[in-house]
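J.: Just passing along the structure, written as structure tokens.
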Amino acid sequence: MSALFLNFEMLSVDNNGYKKSDMVTAMKYVHLDEYMTLEMETMISLGIIDLGVKKDKTSNRRKTVFQLFDKCGSKVGTSLLHDYLLKPLYNVEMIQTRLDTVEAIQMEMGGNWKQSLIKQISDYIRGMPDITKVVRDLQIGNFKGSIWKQLRSFLIIAIRLKDYIESSESLIECDKFKDFVGEFDLECVRKLRQWLEDVIDFESDIDNIRIKVGYDQELEDLRQSYDRMEMSLSNVSKDLGLQVGIEIVIAYIPQFGYLIAIEKEESGGTRVFSGFEHVFSTSTTTYYKNDTMTGMDLEFGDLYTLLRDKEIDILYALKNKLLNSERFNMNAVVKLYPYIGHMDVMICFAKVAKDYSFNKPKICTEEGKQIKIKGSFHPLMKNEQRDFISNDINIKEKKIMVITGPNYSGKSTILTQVGISVYLMQIGCFVPCESAELSIFKNILTRINSLDNISSSQSTFMRDCQQMSNCIYKSDERSLVLIDEFGKGTDVNDGPGLLRSVIEYFLNQHNKGPIVLLSTHMSEIFDDNMIGHNEQVDFKQMKIFLDGNDKFKITFLYQLCSGIARDSMGIYCAFKSGIDKSIVERAQSILDMINRGENIAANFASLSEDETRVIHEADEKIQKFLELNFQEWDSADAERLRIEVLKILQ
């Protein structure tokens, strides 16, 4: 544990003299049974996070769920948001509490966000200083004006937040809002603010901190002496300037006391004045001492330092009072800060859910997992595509859903949006759909490719098999498994065989197996002599519209319906991807030969009429060329020979 603390101290970005005890503010025991197990690879595959996302606005990568929700206004809110998103829940009560809180916030938001109570609360939270950092700065003696102002600002905002929450009948009953008000020691917060404002004048100087006039008599005496000193310095500098005939400045340097400062001549030489003793010179200025300066040393001494030391003593005493008083101290304020972060996250969830038309799901606690979503859509795509087609997903009795369809038809999107919906519910947020009834899952496992999870040292098929192995060995009746196009990238027989075996493995798990969503275009494995129409498998396909007059005109409807799609439309997809039409037409003709059962080798071995005609013409030209007797020709006949050869070629 000591080594861990030391590592925190070494790696901390804000390690400005903090001790280990300052940086580690709390430790708590975490019950892992209360959380979903979600691997990094799954989060990348579903688009929850993207390790390659750039923070600049020029990045063309698709938005992630993290970025969708990254709208917290406070530092503690942003930190807790990461905690929420990285640790989905597996506790029904905790999930329900968060969902109810989001619902209450949305009710309070009403139809006008800008004029709602939630908007006012959100704005106050956004302007709230990081009180934990303020306290750490005070502990190490950082008495900058900004620190005291942040502390006062926090105390003022905290009281206003409490008043706003108590004014709402719905918010006062919500989890973290209720806890915030319950933990709020109003008398303590007011007393801390009073102590601050009794000592520090926050109004007279906006940029700096000043101890209030009259707070400490010794400080007032020093201030008066300092004011007299400034007036005396002004008068003395004028008198000495008239005496020597040039403008002078009086400077105070602790090691030397008060000195006369005179700019050097252009020649750079040191000027000599009667009664002035040369002390030292810089490249531009010469410093002198005289009897007047010695007298000022005796009268005023290091008055500025004394003044500043007295102010620091007062602030130090105030710091000790704020941090260490038995009844009223900063601990009562610091413990409010996490609740503010939780409220910030919940407001973020409610705002995103409202902006993107998410709805509250119902948690299914019945025996046996189920997924029932009406009007499901992908939250990261609907905003990009206004005409995004939503679909209904219903998985209960049949625990395996197989989705077939052409490439580009939306199979992978269905898988990821179901995974995201389950994930969002288990972080306590609403779901992208019209309505949903969802069981909670202990883990989500995926076999889905993404640019981020393909290692350069592994083949695509090897990576696919590793992901599939992970899905098999880590899944149980509490799991959701998403498999996208497993089996491609290898032999045309090996791939379908592996996919069939995987499906059979999950079928044989019966009630001990996970819910599985699987997409593929290998429809041949569902023939009657292989898997066939198994009663435990729900077969779905993605609808398309075919133009009977044009093989290269297909409309994807992106609608999920019952059945098995028998054609992957790979040639059409190649055409849509930009491959030359002549190439895909040739591919189509070869495919037609295969479908008709023709001998492709024999067809490719025979010549077409055009090819036969070209070869015949070439043979005739070669024969005529050979009939020319070059031995009968001499150099004088070169031109006539050239003409004869051209006649043959033409």
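J.: How big is D, in µm² s⁻¹, for the chain by Stokes-Einstein at 37 °C and 0.692 mPa s if Rh is the Kirkwood radius over C-alpha pairs?
T.: Numbers: Rh = 32.8 Å.
It diffuses with D of about 100 µm²/s by this estimate.
J.: Any idea of the accessible area per residue across the chain, 1.4 Å probe, to the nearest Å²?
T.: In whole numbers, the chain has 55 Å² accessible per residue.
J.: Hey, if we sort L186, L499 by accessible area with the 1.4 Å probe, largest down, what's the order? Working shown, then result.
T.: Numbers: L186 45, L499 0 Å².
So, going from the largest accessible area down, we get L186, L499.
J.: Ordering V492, V199 from largest to smallest accessible area (1.4 angstrom probe), what's the sequence? Provide the component values of the computation, followed by the final result.
T.: Numbers: V492 115, V199 5 Å².
Putting V492, V199 in descending order of accessible area: V492, V199.
J.: Using Cα positions and a limit of under 19 Å, work out the aspartates and glutamates in reach of K212, with same-chain residues fewer than 8 apart set aside.
T.: E197, D198, D201, E203, E220, D221, D227, D309, E311, D313
J.: Something else: If you average over every viewing direction, what projected area does the convex hull of the Cα atoms of segment 289-431 give, in nm²?
T.: 20.8
J.: Note down the accessible area of F256, probe 1.4 Å, to the nearest 10 Å².
T.: 100
J.: I've got another one for you. Which one, T284, L306, L259, is farthest towards the positive end of the dipole of segment 207-338 when Lys and Arg carry +1 and Asp and Glu -1 on their Cβ?
T.: L306
J.: Taking the Cβ-Cβ separation of N508 and D179 as r and a Förster radius of 60 Å, what is the calculated FRET efficiency to the nearest 0.05?
T.: Working: r = 48 Å, r/R0 = 0.80.
In this case the efficiency is close to 0.80.
J.: Set Lys and Arg Cβ to +1 and Asp and Glu Cβ to -1, take the dipole of segment 561-650 about its Cα centre, and tell me which of I643, Q588, W633 lies farthest positive.
T.: Q588
J.: Mind checking which lysines have their Cα closer than 20 Å to the Cα of K289? Skip sequence neighbours fewer than 8 apart in that chain.
T.: K238, K264
J.: Counting helices only, and only those DSSP H runs with n ≥ 4, report the 222 nm mean residue ellipticity of the chain as the sum of -39,500 (n - 2.57) divided by its residues, in deg cm²/dmol to the nearest 500. Walk me through the numbers before you get to the answer.
T.: On the way: 24 runs with 307 residues, N = 650.
Computed ellipticity for the chain at 222 nm equals -15000 deg cm²/dmol.
J.: Now for a different question. Roughly how many Å² of W633 are accessible to a 1.4 Å probe, to the nearest 10?
T.: Around 50 Å² of this residue is reachable by solvent.
J.: In whole percent, how big is the carbon plus sulfur part of the accessible area of the chain, probe 1.4 Å, protein atoms only? Before the final figure, lay out each step's value.
T.: Details: 17410 of 35500 Å².
Its accessible area is 49 percent carbon and sulfur atoms.
J.: Mind checking which aspartates and glutamates have their Cα closer than 15 Å to the Cα of K351? Skip sequence neighbours fewer than 8 apart in that chain.
T.: D70, D100, E103, E108, D123
J.: On to the next question. Could you tell me how far the Cα centroid of segment 454-514 sits from the Cα centroid of segment 127-193, in Å?
T.: 52
J.: Relative to the Cα centre, what is the charge dipole magnitude of segment 196-352, using +1 at the beta carbon of each Lys and Arg, -1 at the beta carbon of each Asp and Glu, and rounding to the nearest 20 debye? Please report the intermediate quantities before stating the final value.
T.: Working: 15 positive and 27 negative charges, 131 e Å.
Approximately 640 debye in magnitude.
J.: Roughly how much of S2 is accessible, in Å² to the nearest 10, using a 1.4 Å probe?
T.: Looks like 80 Å² after rounding.
J.: If you project the alpha carbons of segment 101-162 onto the principal axes, what extent comes out on each, in Å, largest first?
T.: Taking max minus min along each principal axis of the Cα atoms, segment 101-162 gives 47, 20, 15 Å.
J.: Another question, if that's okay. How big is the Kirkwood radius of segment 553-627, worked out from every pair of different alpha carbons and given in Å to one decimal?
T.: 16.5
The values are calculated or read from the model by the stated rules, or taken from the named source; none is laboratory data. Just so we're clear, the structure is a prediction, and the values are computed from it rather than from any experiment. Cβ atoms come from the backbone with ideal geometry, glycine included; neighbour counts cover every protein chain shown. Areas reflect the complete protein model, heavy atoms only, side chains present, ligands, DNA and RNA absent. Shrake-Rupley method; radii C 1.70, N 1.55, O 1.52, S 1.80 Å.
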